[in-house]
Amino acid sequence: MSYSDSGNSGAWRNDGGVPPHAYDPYLHPELFRGVATRRVFAFLIDLIVISVPVILGYLFIAVFGVVTLGLGWALFWLAWPASVIWAIVYYGACIGGPSSATIGMRVMDLELRTWYGAPGYFVLGATHAVLFWVSVSFLSPFVVLVGLFNGRRRLLHDFVLGTIVINNSERAAVPQASRTY
């Protein structure tokens, strides 16, 4: 317990000084309505957005290999690491952008926020993508079912990172925290 000297009340606080969650599913259920389904479709859209440049890169390397009589095919060893880097940069840049959402999330009217209401940033977006793929790879795709059993529709990597995905169209009802930088 700690003594709160932030006001004139002199009241004791037992929350350790931690602010409450910005998005409460019981006070604002509309923020989480349909989020799980929308996330699935947003993921599929993002998968297409990420795959198109990767496929074009592989096709370029294949044609370049034919033109150079096989020497250009040595670039195939760069294609896999470049694909991973592209996906991480895509998620980091999109979630770190002004809308705090990837292209798929924007299409599905979703937004990623921290548990205390701040918008996403590059490192959070990149880490979010990496933790998603690691959790699905090692714990099986059934880890996505975690989202069906909590009020905020958070997945396992959302719990680890302290993030929340909300309906962007309903967000205006909740006051937003400003960026910290």
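Where a number appears in this text, it was derived from the coordinates with a stated rule and is not lab data. Just so we're clear, the structure is a prediction, and the values are computed from it rather than from any experiment. Glycine also receives a Cβ, built like all others from the backbone with ideal geometry; neighbour counts cover every protein chain displayed.
The table for this structure:
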read-out: J(HN,Hα) series, the stretch 27-35, from Karplus relation 6.51 cos²θ - 1.76 cosθ + 1.60, nearest Hz, glycine and proline x; value: 7, 10, x, 5, 5, 10, 5, x, 5
read-out: Gained length - L148 relative to V49, 0.36 nm times residue gap less alpha-carbon distance; value: 33.0 nm
read-out: Rounded to whole Hz, the Karplus (6.51, -1.76, 1.60) HN-Hα couplings of the stretch 96-105, x for glycine and proline; value: x, x, x, 8, 6, 7, 6, 4, x, 5
read-out: Residues of the stretch 90-126 with amide N under 14 Å of a point placed 7 Å along Cα→Cβ from V136; value: 91, 104-105
read-out: In order through the stretch 143-150: 3J(HN,Hα) via Karplus (6.51 cos²θ - 1.76 cosθ + 1.60), integer Hz, x for Gly, Pro; value: 4, 5, 5, 4, x, 7, 10, 9
read-out: Residues with amide H under 5 Å from that of L110, placed H, sequence gap 5 or more; value: N168
read-out: Label-point gap, in nm, between L56 and V160 - each point 7 angstrom along Cα→Cβ; value: 3.2
